[in-house]
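The values are calculated or read from the model by the stated rules, or taken from the named source; none is laboratory data. Values in this document were obtained by computation on a predicted structure and should not be read as measured data. Here the Cβ positions follow ideal geometry from the backbone for every residue, glycine too, while neighbour counts run over all protein chains shown. Remember, those area values only see protein heavy atoms, side chains included, never the ligands or the DNA or RNA. Shrake-Rupley method; radii C 1.70, N 1.55, O 1.52, S 1.80 Å.
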Amino acid sequence: MASCVSDTARSLSCRDGRAAAHLKLISIAAIFVTSVVGISSPVLLSRYFQGKPAYDKATLVIKCFAAGVILSTSLVHVLPDAFHALSDCRVSSHHPWKDYPFSGLVTMIGALIALLVDLTATSHMESHSAVGGHGHGGYELVPVGAREELVGKNSNLKGKNSKLSVDVEVAVGVESNSGGGSEEMLIRMKQRLVSQVLEIGIIFHSVIIGVTMGMSQNQCTIRPLVAALSFHQIFEGMGLGGCIAQAGFKFGTTAYMCFMFAVTTPMGIVLGMILFSATGYDDSNPNALILEGLLGSFSSGILIYIALVDLIALDFFHNKMMSSNSWLRKTSFIALVLGSTSMSILALWA
């Protein structure tokens, strides 16, 4: 309790509502611009390389960098912040918060819910394919590049022996009349599902960041966060943008998802400022800390599942293009490490 009193005294010396409001207005503009730059960069790059020989490889490397960013975001940024909020002396000194590790519990619930959504959507897509494909619903969800590899091998075989080509098509489960289209649809729908669930988790995280900053009246806390969160949004935007680029959404959907990511944190800051004006709660209020801890833990669980299962495991263990190319596998792993390292370094400031 003595440390809690000393922390309160230290924060009171930095409280300045007018200076804090000025810094928040600067942060809204800076975070919006950097968010747009971060999320649009991989989308524009993918459109530039589309149709070129290196398109699949470039998309895969960008996606691996994105996976590293998302994994670091969940484990180095979101989860420690959630633990810190619920272990604050204003919260942890009361029941039931001092009796049970709620951060870990809610993180597990977030991961299980992400798994449930994944299983339900995949089951729905497979049953839909079985109906639309005249009973042939047993198609494998193949990561980026694998479908193109099968088509490329098949076209080479066709030049030598057309009957052997047909046998290879049947062996891989791609029918010449409708199976290929059904498999392609399943792959694309899976990629889009991953992007949408990932954006939900990131939006939770962005809202928490914004509301926390908006409610804070501590200029000593806000000042270093302006620059740190700007870089944070660039890398997090690159992570989400890489997944959106691979999913191949239409222009309108892509623009909408990029816009939502760019405005979520600024809107959270505005919402936090409104909440402080209406309730007088700042970021050190016990109720605000509890909400921050629970939402942060939940979004962390979603992001951990997406990063490890739908991004890293899918590409490194189930991507035929990567397994047959040692250079690409090494490059992808380096991209994964660079993404996680760059985001982890930012934890020194934000």
Completion exercise
Per the list (1) open to solvent by less than 50 Å² (accessible area, probe 1.4 Å); (2) modelled with pLDDT of 65 or more; (3) closer than 24 Å to Gly248 by Cα, residue check on Ala82 breaks on (3)
Exercise for the section: Report yes if Gly272 is at pLDDT 85 or above and either open to solvent by 60 Å² or more (accessible area, probe 1.4 Å) or more than 19 Å from the chain's Cα centre (by Cα) (or both), otherwise no. Expected result: yes
Practice task
Of all residues in region 332-349, count the ones that are under 15 Å from the mean Cα position of the chain (by Cα), hydrophobic (A, V, I, L, M, F, W, C) and under 10 Å from Phe235 (Cβ atoms).
Solution key: 1
Problem - Members of region 102-120 found to be at pLDDT below 90 and either not acidic (Asp, Glu) or not in a helix (DSSP H, G or I) (or both), listed by number - result: Gly110, Ile113, Ala114, Leu115, Leu116, Val117, Leu119, Thr120
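Rundown of residues vs (1) open to solvent by less than 30 Å² (accessible area, probe 1.4 Å); (2) over 23 Å from the mean Cα position of the chain (by Cα); (3) of a type outside the set (Lys, Arg); (4) under 24 Å from Leu295 (Cβ atoms), yes/no style:
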{"residue": "Ile31", "(1), (2), (3), (4)": "yes, no, yes, yes"}
{"residue": "Arg47", "(1), (2), (3), (4)": "no, no, no, no"}
{"residue": "Lys52", "(1), (2), (3), (4)": "no, yes, no, no"}
{"residue": "Ile62", "(1), (2), (3), (4)": "no, no, yes, no"}
{"residue": "Ala67", "(1), (2), (3), (4)": "yes, no, yes, yes"}
{"residue": "His94", "(1), (2), (3), (4)": "no, yes, yes, yes"}
{"residue": "Trp97", "(1), (2), (3), (4)": "no, yes, yes, yes"}
{"residue": "Tyr100", "(1), (2), (3), (4)": "no, yes, yes, yes"}
Practice task
Take Leu186 and decide whether it is in contact (Cβ under 8 Å) with a residue 40 or more places away in the chain, within 26 Å of Gly68 (Cβ to Cβ) and either out of contact with any Phe, Trp or Tyr (no Cβ under 8 Å at 6 or more places or on another chain) or hydrophobic (A, V, I, L, M, F, W, C) (or both).
Solution key: no
Handout entry: Residue check for Met215: closer than 21 Å to Asp56 by Cβ and touching a helix residue (DSSP H, G or I) at 6+ places or on another chain (Cβ under 7 Å)
Key = no
Exercise for the section: Would you please list the contacts, defined by Cβ atoms under 7 Å and residues six or more apart or on different chains, that run from a residue in region 303-321 that is more than 17 Å from Lys57 (Cβ to Cβ) to a residue that is of a type in the set (A, V, I, L, M) and surrounded by fewer than 17 Cβ atoms within 10 Å (Cβ to Cβ)? Expected result: Tyr305/Leu115
Problem - Residue that is nearest to Ile234 (Cα to Cα) [pool: residues in region 322-331 that are touching a residue at least 24 places away in the same chain (Cβ under 8 Å) and in a helix (DSSP H, G or I)] - result: Thr331
